[in-house]
Amino acid sequence: MVRLIGKKTKIAVFISGNGSNLKNLIKVSKKKKSNFQISLVLSSKKNAKGLIFAKRNKIITKIFYYKNPLKEDKKILKTLKINDIKFICLAGFMKILSKNFIQKFAGSIINIHPSLLPKYKGLNTHNRVLNKNEKYSGCTVHFVNSKLDSGEIILQKKVKILKTDTSISLQKRILKQEHILYPKALQKILS
Ligand code: GRF
């Protein structure tokens with residue numbers, strides 16, 4: 001738990017792509033009642049769309065390809081320290097953080113995943129859910145540990161699967177719920 005009375009917790013968001021969760025977190029962070037601020041955005045891709053929102057909001061952005069975690073960990077940790085980052089949110093970050101990195105930020109990294117974990121860890125979630133004829137899917141915010149999508153669950157939201165659903169329609173409906181769930185989870189752990 002991170003408790004900083006009367007102060008907004010400085011957060012870094014790690015992305016690799018679209019950045020709709022990042023965009024939403026930025027929006028929520030600007031509300032008076034919000035207990036966090038997005039101070040840094042790290043991307044593993046230089047043309048990630050999410051970087052545009054970050055720059056538009058005058059948030060510091062850095063690119064880390066994370067091809068060689070051993071070398072890059074040091075640089076990332078330094079950047080986080082310089083920017084006084086206390087908490088990390090992964091939002092569509094497509095790289096696996098090293099054990100060393102996770103240990104250094106133990107209990108202070110969370111992720112959002114588009115399934116009802118522990119079911120459907122990993123990629124290609126919506127297709128796999130539809131192929132199994134599930135009645136429900138959803139999204140999960142969880143702590144990050146060294147095993148993929150396996151850390152302690154913070155919050156989940158169930159989404160009913162429609163007979164007409166394709167992976168795209170399901171993804172869209174779940175993403176809408178992600179945008180509600182992620183700031184809610186963050187607000188909860190930082191309170
Ligand atoms: C989301 O579905 C999230 O659950 C998953 O990656 C996607 C990122 O979407 N980890 P966006 O980049 O935030 O739009």
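The values are calculated or read from the model by the stated rules, or taken from the named source; none is laboratory data. As the structure is a computational prediction, the values presented were derived from the model and not from experiment. As a convention, Cβ positions derive from the backbone with ideal geometry for all residues, glycine included, and neighbour counts pool all protein chains shown. These accessible areas exclude ligands, DNA and RNA; they are computed on the full protein's heavy atoms, side chains included. Shrake-Rupley method; radii C 1.70, N 1.55, O 1.52, S 1.80 Å.
Quick rundown of the values:
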read-out	value
Test: residue in the range 108-117 that is away from the ligand (no atom under 16 Å from the Cβ), out of contact with any Phe, Trp or Tyr (no Cβ under 9 Å at 6 or more places or on another chain) and without any contact (Cβ under 8 Å) to a residue 60 or more places away in the chain	no
Test for Asp73: is it over 29 Å from Lys172 (Cβ atoms) and open to solvent by less than 20 Å² (accessible area, probe 1.4 Å)	yes
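One line per residue, one yes/no per condition, for (1) within 15 Å of the ligand (Cβ to nearest atom); (2) open to solvent by 30 Å² or more (accessible area, probe 1.4 Å); (3) closer than 23 Å to Phe101 by Cα:
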site: Thr9; (1), (2), (3): no, no, yes
site: Asn18; (1), (2), (3): yes, yes, no
site: Lys30; (1), (2), (3): no, yes, no
site: Lys33; (1), (2), (3): no, yes, no
site: Val41; (1), (2), (3): yes, no, yes
site: Ser44; (1), (2), (3): yes, no, yes
site: Ala48; (1), (2), (3): yes, no, yes
site: Ile52; (1), (2), (3): yes, yes, no
site: Tyr66; (1), (2), (3): no, no, yes
